[in-house]
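Let me begin by presenting the structure, written as structure tokens, before commenting on it.
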Amino acid sequence: MAWSAGRAHGVRGVRGVRGVLAVVVSCALAWGAAGCAGASASGGGSVSPPATAAAPPSPRPPPAPSPTPTAREQRDITGLVDVGGGRKIYTECRGKGSPTVILIAGKGNGVEDWRSVLDPADPIHQAPGDDLPWRTTGLHLSDDSVFTRVSRFTRVCAYDRPGIRVGPGTTTPRPQPHTLDLAADDLNALLTALGEPGPYVLVAHSYGGLIATLYARTHPRNVAGLVMVDTVTELMADVISPGALRNWDATNARTSPQVREGVHIIDAFRRINAAPPMPRVPAVVLSADKPWRLDLLPPEERKGERVAFKDSLTALDRLSKALHAEKHITRTNSGHDIYLYSPQLVTDAIRTVVDDVR
């Protein structure tokens, strides 16, 4: 996205607005708020199902790496997958069928974000702006989530990048901030280790859009389709001023105890632009229609040139045209985390691309 997303895991319901502000100003859209959606406190990483969002984390021994499945098995996976080089990536896969859908979360986000929803009855749905980043309640794990809905009609996998969660059973960490090529290489290593047959439909949110783009450009035969959910795009550099881009880059590189993942945005754009062209595949783009609440940022975070909500909309419109997208869905009644506000809408977009691929 245009801002610096990242909603810290474990924050909702256990910290006040002041704590959320600390996350917001450190988190990959233009201003530093939303995106760190899966704020459950489950601790994850074990080979048993994750706890509910309300359950406190409990100490557990590290689980054994998940054995690599054969393409015919398509069994459920919950736990660490050995990707080689002494590294393991926390992954969950469900469902059967082809193509396999790969969910790529935004900055600071992971598996639990795709398994969560914003309560349909929550009044935040009626708010004119995107108030979700400033809330400490309202999210919960749900069978109505994008992850679960997609698993009912095809195979789906989601994973945690380094720094999303810490402790036993979590993805092997790496120094932060990181460069985009490392994230794309991790995705490639994970898909290889999983043995899931390609090509894949990549579904990306926020910063995940840059990962999907670089992966698709460098491994075009592995990508059958794209769903870009209010993503960051390298085309933003053609929309905003150099000063706003520099500030955005600095914001996204910043980390905190709540949001440990940092990314280099300008370097990511350079790597994408130096890569081979994007493959022509079925694609759908979704963009938020609830504007960012920049007015809620601390005064020091509002200084200097900043990426604006309208800049994101312009960049996503250009992305839709560049991808020759079948649809650019702009009426989403959602803030940046569309998959939380409107999980059925995102699921329908994924089904459209999956059906096209089939």
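Hey, LEU286 hits all of (1) open to solvent by less than 30 Å² (accessible area, probe 1.4 Å); (2) among the hydrophobic types (A, V, I, L, M, F, W, C); (3) at pLDDT below 90 but one; which does it fall short on?
The one condition LEU286 does not meet is (3).
Yes or no: region 225-238 includes at least one residue that is touching a Phe, Trp or Tyr at 6+ places or on another chain (Cβ under 9 Å), of a type in the set (A, V, I, L, M, F, W, C), more than 30 Å from ASP355 (Cβ to Cβ) and surrounded by fewer than 24 Cβ atoms within 10 Å (Cβ to Cβ).
Within region 225-238, one or more residues are touching a Phe, Trp or Tyr at 6+ places or on another chain (Cβ under 9 Å), of a type in the set (A, V, I, L, M, F, W, C), more than 30 Å from ASP355 (Cβ to Cβ) and surrounded by fewer than 24 Cβ atoms within 10 Å (Cβ to Cβ).
Please verify whether region 239-255 includes one or more residues that are in contact with a Ser or Thr (Cβ under 8 Å, 6 or more places away or on another chain), open to solvent by 50 Å² or more (accessible area, probe 1.4 Å) and modelled with pLDDT of 95 or more.
Within region 239-255 (the criterion being in contact with a Ser or Thr (Cβ under 8 Å, 6 or more places away or on another chain), open to solvent by 50 Å² or more (accessible area, probe 1.4 Å) and modelled with pLDDT of 95 or more), the answer is no, since none of the residues qualifies.
Taking region 204-214 as the search range and keeping residues that are of a type outside the set (A, V, I, L, M, F, W, C) and assigned to a helix (DSSP H, G or I), which one is nearest to LYS107 (Cα to Cα)?
Taking the candidates together, the pick is GLY208.
Mind counting the residues in region 95-139 that are of a type in the set (Lys, Arg) and within 18 Å of the chain's Cα centre (by Cα)?
Result for region 95-139: 2.
Taking PRO277 and the conditions (1) open to solvent by less than 60 Å² (accessible area, probe 1.4 Å); (2) modelled with pLDDT of 95 or more; (3) more than 19 Å from the chain's Cα centre (by Cα), which numbered condition does it fall short on, given that it satisfies the others?
(1)
Take region 257-274 and flag every residue that is open to solvent by 20 Å² or more (accessible area, probe 1.4 Å) and either of a type outside the set (D, E, K, R) or within 20 Å of VAL307 (Cα to Cα) (or both).
PRO257, GLN258, HIS264, ILE266, ASP267, ARG270, ASN273, ALA274
Output the residue which, of all residues in region 297-353 that are polar (S, T, N, Q), open to solvent by less than 20 Å² (accessible area, probe 1.4 Å) and not in a helix (DSSP H, G or I), is nearest to TRP134 (Cα to Cα).
SER334
For the structure I just gave you, tell me whether GLY167 is open to solvent by 10 Å² or more (accessible area, probe 1.4 Å), modelled with pLDDT under 95 and within 17 Å of the chain's Cα centre (by Cα).
no
If you go through region 182-203 one residue at a time, how many are open to solvent by 40 Å² or more (accessible area, probe 1.4 Å) and either modelled with pLDDT of 95 or more or not in a loop (DSSP other than H, G, I, E, B) (or both)?
Of the residues in region 182-203, 5 are open to solvent by 40 Å² or more (accessible area, probe 1.4 Å) and either modelled with pLDDT of 95 or more or not in a loop (DSSP other than H, G, I, E, B) (or both).
Taking ALA308, is it closer than 16 Å to ALA244 by Cβ and modelled with pLDDT under 95?
Answer is yes for this residue.
Within region 127-148, can you find the residues that are modelled with pLDDT under 95 and either of a type in the set (Lys, Arg) or in a helix (DSSP H, G or I) (or both)?
Those that are modelled with pLDDT under 95 and either of a type in the set (Lys, Arg) or in a helix (DSSP H, G or I) (or both): LEU132, PRO133, TRP134, ARG135.
The values are calculated or read from the model by the stated rules, or taken from the named source; none is laboratory data. Being a predicted model, the structure only gives us computed values, none of them experimental. Reconstructed Cβ throughout: ideal geometry from the backbone, glycine too, with neighbour counts over all protein chains shown. Side chains are part of the model used for accessible areas, which takes the heavy atoms of the whole protein and leaves out ligands, DNA and RNA. Shrake-Rupley method; radii C 1.70, N 1.55, O 1.52, S 1.80 Å.
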